[in-house]
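Inspection log for the structure reproduced underneath, given as structure tokens.
The values are calculated or read from the model by the stated rules, or taken from the named source; none is laboratory data. Here the structure is a predicted model, which means the values were calculated and not measured. FYI the Cβ positions are ideal-geometry reconstructions off the backbone, even for glycines, and counts take in every protein chain you see. With ligands, DNA and RNA removed, areas are computed over all heavy atoms of the protein, side chains included. Shrake-Rupley method; radii C 1.70, N 1.55, O 1.52, S 1.80 Å.
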Amino acid sequence: MEPNKPVSTLQLHPVYQPIVDRQLSVIGYESFIRGTDASQVLADFLSPSFQRLDRIVAMDTLCKQLALEKYTESAPLFLNSHPYSCDPFPQPLSLPKRHGLVIELTEHALVYQEQRLLKNVEWLSARGVRFAIDDFGYGFLSLPFIMRLQPQYIKLAKEVVQSCSDERSQDVLKRILQPFRDMGIQIIAEGIESEAQFESLLLVVDAFQGFWISKPKILLGA
């Protein structure tokens, strides 16, 4: 891919991975981007530069737009938001009417312009948008930020899930998460790769996501 290929010409398409509850019923889908230019987009996202901020925000907006346009389900759609994009849902995009929207803020990246982000979060929350902390337990977000954000979901990083290999570690994780659950926050375990992992966390978390449940896929009708 050309390093500075115009964002509007990027060859991308969305795929969706289900999030399920303890009964394996779908409670939502998270979108991911695939396509000829997906690897370069990912590289730009993982190695962001403030000098390329406009391009990063434009790519973030395009990924959200494609995910919304191709989504065919009624369950909530989970959309990742780049930490350099202070507006988790930029104005060119229209809030969906047929399904709920959950915007994921990644915990493993330092938040850029926190106060501006929280102001936009407040505006979106008033319009029914919900929020999730992604990759929880493996990053930088402070407890005060999380309390101000008031997310409806916390998604455990796969590294946290993989570390819960015995009853002792599972009990420790359960105790750590209990205050969040007392606040009404649902806990989602990411990176579930086996039935054993799923069963070991049944009493610890509320929902699950990972290749054991389903790989990201193009939805029928999308």
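Restricting region 33-47 to residues that are in contact with a strand residue (DSSP E or B) (Cβ under 7 Å, 6 or more places away or on another chain) and surrounded by 18 or more Cβ atoms within 10 Å (Cβ to Cβ), the residue that is nearest to LEU202 (Cα to Cα) is ILE33. Taking region 128-143 as the range and being open to solvent by less than 50 Å² (accessible area, probe 1.4 Å), aliphatic (A, V, I, L, M) and modelled with pLDDT under 90 as the test, only LEU141 passes.
Of the residues making up region 195-222, those that are among the hydrophobic types (A, V, I, L, M, F, W, C), assigned to a loop (DSSP other than H, G, I, E, B) and over 30 Å from LEU12 (Cβ atoms) number 5.
Got a sec? Which of GLN170, GLN178 is part of a helix (DSSP H, G or I) and in contact with a Ser or Thr (Cβ under 8 Å, 6 or more places away or on another chain)?
GLN170
Determine if region 77-91 includes at least one residue that is over 24 Å from TRP123 (Cβ atoms) and either over 18 Å from the mean Cα position of the chain (by Cα) or open to solvent by 40 Å² or more (accessible area, probe 1.4 Å) (or both). Checked region 77-91: no residue is over 24 Å from TRP123 (Cβ atoms) and either over 18 Å from the mean Cα position of the chain (by Cα) or open to solvent by 40 Å² or more (accessible area, probe 1.4 Å) (or both).
Against the conditions (1) acidic (Asp, Glu); (2) farther than 30 Å from ASP87 by Cβ; (3) under 14 Å from the mean Cα position of the chain (by Cα), ASP182 satisfies every one except (3).
Per the listing PRO96, PRO83, the residue uniquely in contact with a strand residue (DSSP E or B) (Cβ under 8 Å, 6 or more places away or on another chain) and more than 23 Å from PRO18 (Cα to Cα) is PRO83. Considering region 13-46, the residues that are in contact with a helix residue (DSSP H, G or I) (Cβ under 6 Å, 6 or more places away or on another chain) and among the hydrophobic types (A, V, I, L, M, F, W, C) include one that is nearest to SER74 (Cα to Cα), namely ILE33.
Filtered by the rule that a residue be assigned to a strand (DSSP E or B) and open to solvent by 10 Å² or more (accessible area, probe 1.4 Å), region 144-157 gives a lone residue, TYR153.
From the list LYS97, LYS70, which residue is open to solvent by 40 Å² or more (accessible area, probe 1.4 Å), out of contact with any Asp or Glu (no Cβ under 6 Å at 6 or more places or on another chain) and touching a residue at least 24 places away in the same chain (Cβ under 8 Å)? Don't jump to the end; show me each part of the working.
On the way: LYS97 fails: touching a residue at least 24 places away in the same chain (Cβ under 8 Å).
Residue meeting the stated conditions: LYS70.
Residues ILE187, ILE192: which one is surrounded by 13 or more Cβ atoms within 10 Å (Cβ to Cβ), modelled with pLDDT of 95 or more and assigned to a strand (DSSP E or B)? Going through ILE187, ILE192 in turn, just one is surrounded by 13 or more Cβ atoms within 10 Å (Cβ to Cβ), modelled with pLDDT of 95 or more and assigned to a strand (DSSP E or B): ILE187. Taking each residue of region 111-130 that is in contact (Cβ under 8 Å) with a residue 40 or more places away in the chain and looking for partners that are assigned to a strand (DSSP E or B) with beta-carbon atoms closer than 6 Å, six or more apart or interchain, yields VAL129/LEU101; ARG130/VAL102.
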